[in-house]
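The values are calculated or read from the model by the stated rules, or taken from the named source; none is laboratory data. This is a predicted model, so every value here is computed, not measured. In this analysis, Cβ positions are derived from the backbone assuming ideal geometry, glycine residues included, and neighbour counts consider all displayed protein chains.
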Amino acid sequence: MTVLPLLLCLASHVLSQAPATAIVNVNVVDVSRGEIRSGQTVVIAGGRIEAVAPAGKAQIPSGALRVPGDGRYLIPGLWDMHVHLRGDRANPALPMAEDNAALLDLFLPNGVTGIREVGGNLSDDVLEWRAEIAAGKRTGPRILTAGRKIDGEPPAWAGSLGVRTAEEGRQAVRQLKQAGADFIKIYFREVPPEVLRAVIEEAHALGMRLTGHLPTNMPIQDFVETGIDGMEHAQYLVAAEREEYQRLVQDRARRRGTPWAMDAVETSARLLAMEDKKQGEVLYRRMAEKKFWVTPTLTVYDRELDNAVRDYERDARKRYFFPSVWATWDAKTGARAPILGRSLELLTVSVKHWQDATLAAHKAGVPMILGTDCGADNFHNMPGWSVHEELAALVKAGLTPAEALRMGTINAARWRGEESTEGSVDPGKVADLVMLRSNPLETIRHTQEIESVFKGGKRYSRADLDAMLQLVEERVALARKPAGSQQR
């Protein structure tokens, strides 16, 4: 037996021998139905929920640790299904593994028990962290990872696999599968149809799901029909007539490399002018039929707007981020310069369109999951906290608190194919839970009122969670000390 399976076996044995835990008199939030089951006792044993029953009827095992629910609210652990663990785009040679490892310590204190990491240039480190967390050697959220993104050549981001032909696309998928990736993330800005088709076919042949960006040379209607499993970002939900979109693609290609090349402002304005609500209705029905998953990532657009007007230097959360990560968000030094003038005006209008498209697609039955696009390089989009900002953004777009919560819990489990074992507070499910002081179905901001977190049945009190944050703060403080300085 190799080292990792042995560690997993030992960890499972220790967990199975741990005493049971009973959360007594707690309000269980039924995310599937959007209801509260009041006055329940939840019994946890062996890392799973053993029973959920009214407090007066629950059978609590002898010797069980009793945790007072005291009328608090119990939700499933939250998942962020779009996270980046990566280096600085402007300086990809800068080592940032330790800096990103510190980001992992910010998730549990914010009630995030799992993340879907969608690719960067730290894939070997991410795979190692995934194994360490699974083996109980590191505290943190469960990790699913794409490893490295598949892109055209040259790729837009360091660490991505650039491909030019169908065979190179197939080889890239096989390489990622062999390396241990859980799914495939594509990032093609433009892609020949045969290359995209080869990547999708190879991934499905190997039992891997795919998500990614809409290639800009392809109408979204055609993208949905390729067989890909889903798409990231609400900005691609805005639909137009195929022919009109294709004229835009042809015009942009014809003008590329000339003094009158199409810039971002013109492109944005034309896309806004092309939006067709009737085409959107047809598109969303088709997405729903095909079970085409969408991760809206609305909060990253809010942070992008903030980046132009907000002074984040006064944000109290700065103390939890290594200088190298913070620098990638700085409008003065990072790769993401603030958007100003006409670009800012168009972005502000576009964001409202993307919110409306998210709501319309949701109402049409398009399956959706919660993701925030947090991580280095993305506009002060802070891991952990960004999940609560995304929940608020979804509610602002018109979803109910229950619908937003589903996207970060049971829907995330459905995407992973784990609905039978995760994503709700029911017997037989993994005991990844968050206890809140107030009802999140009344006001979504109550998800931030975290009393304790259970990860695989292990309880982390508010004091434990605060201690985790304190350790991160201390590590960051050391990193911020000037070189050569010493404590007195």
Matching residues in the range 121-159 - criterion: being farther than 30 Å from Gly77 by Cα, part of a loop (DSSP other than H, G, I, E, B) and over 19 Å from the mean Cα position of the chain (by Cα): Gly152, Glu153, Pro154, Pro155, Ala156, Ala158, Gly159
Criterion: in contact (Cβ under 8 Å) with a residue 40 or more places away in the chain, under 30 Å from Gly71 (Cα atoms) and of a type in the set (Lys, Arg) - qualifying residue of Arg406, Arg416, Arg336: Arg406
Residue, farthest from the chain's Cα centre (by Cα), within the range 61-104, restricted to residues that are of a type in the set (A, V, I, L, M, F, W, C) and closer than 17 Å to Val425 by Cα: Val67
Selection within the range 190-219 - out of contact with any helix residue (DSSP H, G or I) (no Cβ under 6 Å at 6 or more places or on another chain), among the hydrophobic types (A, V, I, L, M, F, W, C) and within 21 Å of Val294 (Cβ to Cβ): Val191, Leu196, Ile200, Met208, Met218
Condition met for Ala234 (touching a Leu at 6+ places or on another chain (Cβ under 8 Å), surrounded by 15 or more Cβ atoms within 10 Å (Cβ to Cβ) and either outside the structural domain of Leu346 (by TED's automatic domain parsing) or farther than 17 Å from Trp293 by Cβ (or both)): no
Within the range 339-348, tally of residues that are crowded, with 18+ Cβ neighbours inside 10 Å and assigned to a loop (DSSP other than H, G, I, E, B): 1
Selection count where residues are free of Cβ contacts under 8 Å to residues at least 60 places away in the same chain and either polar (S, T, N, Q) or surrounded by 24 or more Cβ atoms within 10 Å (Cβ to Cβ) (or both), scope the range 349-398: 1
Given (1) in a loop (DSSP other than H, G, I, E, B); (2) assigned by TED's automatic domain parsing to the domain that holds Pro68; (3) hydrophobic (A, V, I, L, M, F, W, C), number of the condition Val434 does not satisfy: (1)
Yes/no for Ala53 being part of a strand (DSSP E or B), surrounded by fewer than 17 Cβ atoms within 10 Å (Cβ to Cβ) and in contact (Cβ under 8 Å) with a residue 12 or more places away in the chain: yes
Members of the range 180-195 found to be out of contact with any Leu (no Cβ under 7 Å at 6 or more places or on another chain) and surrounded by fewer than 16 Cβ atoms within 10 Å (Cβ to Cβ), listed by number: Arg189, Glu190, Pro193, Glu194
Qualifying residue in the range 300-323 (condition: among the small types (Gly, Ala, Ser), touching a residue at least 24 places away in the same chain (Cβ under 8 Å) and either buried (at least 19 other Cβ atoms within 10 Å of the Cβ) or in contact with a strand residue (DSSP E or B) (Cβ under 9 Å, 6 or more places away or on another chain) (or both)): no
Qualifying residue in the range 63-74 (condition: buried (at least 20 other Cβ atoms within 10 Å of the Cβ), touching a helix residue (DSSP H, G or I) at 6+ places or on another chain (Cβ under 6 Å) and closer than 29 Å to Ala404 by Cβ): no
Selection from the range 398-431 of residues that are within 23 Å of Val118 (Cα to Cα), part of a loop (DSSP other than H, G, I, E, B) and touching a Gly at 6+ places or on another chain (Cβ under 6 Å): Thr409
When residues of the range 237-270 are limited to those that are in contact (Cβ under 8 Å) with a residue 60 or more places away in the chain and in a helix (DSSP H, G or I), the one surrounded by the fewest Cβ atoms within 10 Å (Cβ to Cβ): Ala264
The listed residue being surrounded by 17 or more Cβ atoms within 10 Å (Cβ to Cβ), over 23 Å from the mean Cα position of the chain (by Cα) and modelled with pLDDT of 95 or more, out of Ala203, Ala198: Ala198
Pairs with Cβ under 9 Å, 6+ apart, first in the range 170-198 and hydroxyl-bearing (Ser, Thr, Tyr), second surrounded by fewer than 21 Cβ atoms within 10 Å (Cβ to Cβ): Tyr187/Gly152; Tyr187/Pro155; Tyr187/Ala156; Tyr187/Trp157; Tyr187/His213
